[in-house]
1. Would you check which residues across segment 114-137 are assigned to a loop (DSSP other than H, G, I, E, B) and polar (S, T, N, Q) and list them?
2. Would you check which residues across segment 84-102 are part of a helix (DSSP H, G or I) and either free of Cβ contacts under 8 Å to residues at least 12 places away in the same chain or over 17 Å from TYR131 (Cβ atoms) (or both) and list them?
3. Give segment 136-149 a look and list any residue that's in contact (Cβ under 8 Å) with a residue 60 or more places away in the chain and surrounded by fewer than 18 Cβ atoms within 10 Å (Cβ to Cβ), or say none.
4. Filtering segment 42-72 down to residues that are among the charged types (D, E, K, R) and within 15 Å of MET82 (Cα to Cα), which residue is surrounded by the most Cβ atoms within 10 Å (Cβ to Cβ)?
5. For a quick check of your reading: which helices (runs of 4 or more DSSP H) sit entirely within segment 1-83 and have at least 3 residues that are at pLDDT 75 or above?
6. Of (1) in contact with a helix residue (DSSP H, G or I) (Cβ under 9 Å, 6 or more places away or on another chain); (2) surrounded by fewer than 17 Cβ atoms within 10 Å (Cβ to Cβ); (3) within 22 Å of ALA138 (Cβ to Cβ), ARG110 satisfies all except one. Which?
Amino acid sequence: MIARLLLALLLTTGAPARASDIPFAAPAIATTSLHGYDAVRARLVADDLTGTAAAARALAASDPALAPPATAVAEAVDLAAMRVAFGELSRAVALGLGSAAPPAKVWAYRCPMVGGYGYWLQTSAGLANPYMGQAMPACGEGVALKAAIKAAAP
């Protein structure tokens, strides 16, 4: 019961919500996986093809639940394809966060210029857009974590 209350407080910026408001379940995301995901995001912000692939491979190796979308990022042939695959990785991470209280502080953002799942999560505050990279690193808006999780629902 306390975990549900904490989740509600973490996921909202306005009125409290219940964890049961999130109508799906996925494997919980471990803190190490969240940091691995954030490493992939940071490499995309830097437009680092090689570093993004390496970070995605490391994430795939460390978390079987995230291996399929992380592998898709690692195997993409260019940054544009990596960013499309990163959208699905972000969706998987958001779904995982929806199944339990987030293991660490998490900030959610959305890029209005991206089709598909244009949300991403960060383990530190400060907008750094992985979808636009160095061309537009400050493009986007902060959103409630609950909004990113609900948008990820199938």
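1. Kept after step one, since they are assigned to a loop (DSSP other than H, G, I, E, B), are these residues of segment 114-137: 114-118, 123-132, 136-137.
Passing the criteria: THR123, SER124, ASN129.
2. Narrowing segment 84-102 to residues part of a helix (DSSP H, G or I): 84-97.
Across segment 84-102, the qualifying residues are LEU95, GLY96, LEU97.
3. Looking only at segment 136-149, we keep the residues that are in contact (Cβ under 8 Å) with a residue 60 or more places away in the chain, and these are 137, 144-146, 149.
Within segment 136-149, PRO137, ALA144 qualify.
4. Residues of segment 42-72 among the charged types (D, E, K, R): 43, 47-48, 57, 63.
Those left that are additionally within 15 Å of MET82 (Cα to Cα): 43, 47-48, 57.
Working: ARG43: 24, ASP47: 16, ASP48: 17, ARG57: 17.
Once the filter is applied, the top-ranked residue is ARG43.
5. The helices (runs of 4 or more DSSP H) meeting that bar are 31-45, 49-62, 67-75.
6. Of (1) in contact with a helix residue (DSSP H, G or I) (Cβ under 9 Å, 6 or more places away or on another chain); (2) surrounded by fewer than 17 Cβ atoms within 10 Å (Cβ to Cβ); (3) within 22 Å of ALA138 (Cβ to Cβ), only one is false for ARG110: (2).
The values are calculated or read from the model by the stated rules, or taken from the named source; none is laboratory data. Every value quoted in this text rests on a predicted model; they were computed, and no experiment measured them. Don't worry about glycine lacking a Cβ; one is built from the backbone with ideal geometry, like all the others, and counts go over all protein chains shown.
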